[in-house]
Amino acid sequence: MTLAIVTARRPRAYVRVKGPDAAGYLNRMLSNDVPDAGSVDALLLTPKARVIAPLLVWRRRDDDYLLLTEPELGETVRAHLTRMRFAAKCEIELEQHTSTIVFGSTGGIPNRDYGRDAVEMLDSPLEVTIGDD
């Protein structure tokens, strides 16, 4: 018996933060500390604690993080982080990817948005099995 893989597209914007000061800078800017491995949910906040954007922070390598956010907030996140960077040695730029949510699977970025086991895969060749609804 073969189980069908259930997949869906997840519209996202992606901001890369890379450099020797990336972890420390993000720890100062986000509501949660960046992970030693894997991913964590966090918020980008104003100095008065107003939410700018919800983020999924994924540590790709020692000094390389990918911030996944809502599609309309990518440029806002990039601009805010760039404006507040001051002397931190890190690059901040938008990246282009396609996110596919794979339910009941492992091997991607853990996604906690749907109340069940799911991972987010970037630029996956998997065919989408459920629609946007």
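Odds and ends about this structure:
- The fewest-to-most ranking of Ser99, Ser31 by surrounding Cβ atoms within 10 Å reads Ser31, Ser99.
- Footprinting exposure proxy for Lys18, Lys89 (fewest neighbouring C-beta atoms within 10 Å first): Lys89, Lys18
- Equivalent ellipsoid semi-axes, the range 9-69, via Cα gyration tensor eigenvalues times 5, rooted, Å: 17, 15, 9
- About its Cα centre, the dipole of the chain is roughly 480 debye, where the only charges are +1 on Lys and Arg Cβ and -1 on Asp and Glu Cβ.
Read the figures in this text as sums done on the coordinates, not as results from a lab. Please read all numbers here as calculations on a predicted model, not as lab measurements. Because the Cβ atoms are built from the backbone with ideal geometry, glycine has one as well, and the counts that use them run over all protein chains shown.
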